[in-house]
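Here the structure comes first, spelled out in structure tokens, and everything after it is commentary.
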Amino acid sequence: MSAVLILVDIQNAIDDPVWGTRGQHDAEANCAKLLAHWRELGNPVVHIRHDSTDPNSPYAPDQPGNDFKTEVAPLDHEPVVEKRTNNAFISTDLMQVLEEYQTSELVICGVLLENSVESTVRMAGNLGFMVYLPSDCTASVERTDVNGKKWSADDVHALTLAILDGEYAKVVSSEALMANPDSGTLQ
């Protein structure tokens, strides 16, 4: 069966200033290109929507930030998995959705890399999926560590990718995925 493309939390909320300085500003455009390619091949797509339980969060269901970004909005037949934690597998029906596709391969994209994307990739890897993580289809924000050192969004992004690569996922580019003559079976 074809690899499933999973788009994590690509909602308007990511543009809220509460997140601070963001990097990888072309991530959504790259996700849109990969999504169009996946749809053209007729491969399965799953959208993850974060529905924050914090009423003040830009991701809260009654906030405009909860809406998917238009360039990656789901089509009527594409499943939308609602999550309330940073991990798309926890207290959701994602496993049941993936079981219907009978696949062992996932391509995971989205925001924020060091948050919901990372926790979902780690879980998927631990569950035995072969995970492909297109680095140009993810975005990070600057972070301050426990010692007070500020890390740029580019540094956070690079380090998170390095930590995930080989252990939980294979880090690739979206271009490499789309160049594969049969992007639905990537191994």
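Just so it is clear, none of the values below were taken in a lab; they were calculated from the coordinates. Remember, it's a predicted structure, so these values are computed and weren't measured experimentally. Ideal geometry is used to build each Cβ from the backbone, glycine not excepted, and the neighbour counts take in all protein chains shown.
Of note:
- Segment 4-179, dipole about Cα centre (Lys/Arg Cβ +1, Asp/Glu Cβ -1), debye to the nearest 20: 280
- Dipole of the chain, positive direction: furthest Cα of Pro79, Gly166, Met130, with charges on the beta-carbon: Gly166
- Theoretical gain in end-to-end length, Asn180 to Lys149 [0.36 nm per residue, Cα-Cα removed]: 7.1 nm
- Across the chain, Cα-Cα distances exceeding 31 Å account for 10% of all pairs.
- Each helix, a run of at least 4 DSSP H residues, gives -39500 (n - 2.57); summed and divided by the residues of the chain, these come to -8000 deg cm²/dmol at 222 nm.
- Under the simplified labelling scheme, the Thr53-Glu100 pair shows an inter-label distance of 2.6 nm, with each label point 7 Å from Cα along Cα→Cβ.
- For Arg39 and Thr70, the difference between the fully extended length at 0.36 nm per residue and the C-alpha to C-alpha distance is 9.6 nm.
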